[in-house]
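**Q** Pasting a structure here, questions to come.
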Amino acid sequence: MNVETFYDNKTATFTYVLFDPASKECGVIDSVADYDIFSGRASMESADKVIDFVNQNQLKNKWILETHVHADHITAAHYLKSKIGGKIGIGSGIKTVLDTWLDVFETANDTPRDGSQFDVLFEEGDTFNIGEYEVKVWHTPGHTPACASFLVDGKIFVGDTMFAPNLGTARCDFPGGSAEQLYNTIQRFFTLPDDTTVYLGHDYPKEGAAPLSTVSIKEAKETNKQIRPEVTLQEYVEKREARDATLAVPKLLLPAIQANLRNGQFGATSEGGKQFIKIPVNAI
């Protein structure tokens, strides 16, 4: 399984295209739509780079995969499907996230609560193929209830659960998040062979440094600053929760979650032909 990596500087997000060079089948993980919170303008420049790669290499897209409902960028899943096809898949924990946030935004009129806006809601242990390669789904909650990771060919795509060793792990203070669950999720990662390549969801390099998109399980076990096999649950939970208490709300949280609950769509059009992001006041 080959992997092409795209990095969005504005949101520090990695998008991956997985492809089987023999069959030319591919899948896209964690795409990015461009959205400026100050002007309210959206574009698909980042997603078009992925589309160009798929088309230039004559790939046949089968899957558009979401590791979770992102709070720091808007997904381009719906747009990608309209351009290159493929089924949109996310972990079945999305239904818990929908139950939480639809009541905050009061958007049940244009956001199905049952998750039917996604083509597939993955259960733990589900498998599917990209070409000759079988992809296995792990439910990996902790950061959010909807988090899922994808294992294929000695690789695991973990979204926001685990970061580069110098950064540690994801925050756990979003609704439905749990430091205890994330501890168990990452300890499960540590059961994988040491040479397994972990594909990260984000990196935040210092100025002038290149972003780090991968780390081996061995490196993570030996050098992660927050969690290693010998770190106890209590130690991790105390440090993670103390750290989370100091973190600001992601600046794109309200626009991103609202759109991402609809697989990247901005919702129903008004009578005047406009779409709107709702910002609930004093609701979170």
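The values are calculated or read from the model by the stated rules, or taken from the named source; none is laboratory data. Keep in mind it's a predicted model, so treat the numbers as computed, not measured. Reconstructed Cβ throughout: ideal geometry from the backbone, glycine too, with neighbour counts over all protein chains shown. Note: accessible area is taken over every heavy atom of the protein model, side chains too, but ligands, DNA and RNA are not part of it. Shrake-Rupley method; radii C 1.70, N 1.55, O 1.52, S 1.80 Å.
**Q** Return a yes/no flag: does the stretch 198-206 have any residue that is acidic (D, E) and either closer than 30 Å to G267 by Cβ or open to solvent by 20 Å² or more (accessible area, probe 1.4 Å) (or both).
**A** Of the stretch 198-206, the ones acidic (D, E) are 203.
Then keep just the ones that are either closer than 30 Å to G267 by Cβ or open to solvent by 20 Å² or more (accessible area, probe 1.4 Å) (or both); that gives none.
Within the stretch 198-206, none of the residues are acidic (D, E) and either closer than 30 Å to G267 by Cβ or open to solvent by 20 Å² or more (accessible area, probe 1.4 Å) (or both).
**Q** Return the pair list, or none, for Cβ contacts closer than 8 Å from residues in the stretch 40-59 that are free of Cβ contacts under 8 Å to residues at least 12 places away in the same chain and in a strand (DSSP E or B) to residues that are among the hydrophobic types (A, V, I, L, M, F, W, C) and open to solvent by less than 30 Å² (accessible area, probe 1.4 Å), at least 6 apart or on different chains.
**A** Short answer, once both residue conditions are applied: S43/A33.
**Q** Then there's this: Suppose we filter D20, D48, D30 for residues that are within 20 Å of the chain's Cα centre (by Cα), surrounded by 17 or more Cβ atoms within 10 Å (Cβ to Cβ) and of a type in the set (D, E, K, R); which single one remains?
**A** Just one listed residue meets the conditions, D30.
**Q** Considering only residues that are closer than 11 Å to G201 by Cα and of a type in the set (S, T, Y), which ones fall in the stretch 6-23?
**A** Listed by number, the residues that qualify are Y7, T11, T13, T15, Y16.
**Q** Further, regarding this structure: So which pairs qualify, if the first residue must be in the stretch 1-18 and of a type in the set (G, A, S), the second must be crowded, with 19+ Cβ neighbours inside 10 Å, the Cβ gap must be under 8 Å, and the two must be at least 6 apart or on different chains?
**A** So the pair list comes out as A12/H202; A12/D203.
**Q** Let me ask another. From the residues in the stretch 5-63 that are among the charged types (D, E, K, R) and touching a helix residue (DSSP H, G or I) at 6+ places or on another chain (Cβ under 8 Å), which one is farthest from I88 (Cα to Cα)?
**A** Filtering first and then ranking leaves D8.
**Q** Filter the stretch 165-216 down to residues that are out of contact with any helix residue (DSSP H, G or I) (no Cβ under 9 Å at 6 or more places or on another chain), of a type in the set (A, V, I, L, M) and touching a residue at least 60 places away in the same chain (Cβ under 8 Å), then give me how many there are.
**A** 1
**Q** Just for strands (runs of 3 or more DSSP E) wholly inside the stretch 76-150: which have at least 3 residues that are crowded, with 16+ Cβ neighbours inside 10 Å?
**A** Where strands (runs of 3 or more DSSP E) fall fully within the stretch 76-150 and carry at least 3 residues being crowded, with 16+ Cβ neighbours inside 10 Å, they are 87-91, 120-122, 133-139.
**Q** Still on this structure, I have one more. From (1) at positive phi; (2) surrounded by 14 or more Cβ atoms within 10 Å (Cβ to Cβ), pick out the condition that doesn't hold for Q58.
**A** For Q58, the exception is condition (2).
Residue-by-condition table, conditions (1) at pLDDT below 95; (2) open to solvent by 30 Å² or more (accessible area, probe 1.4 Å); (3) closer than 21 Å to A245 by Cβ:
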{"position": "P175", "(1), (2), (3)": "yes, yes, yes"}
{"position": "G208", "(1), (2), (3)": "yes, yes, no"}
{"position": "K218", "(1), (2), (3)": "no, yes, no"}
{"position": "E222", "(1), (2), (3)": "no, yes, no"}
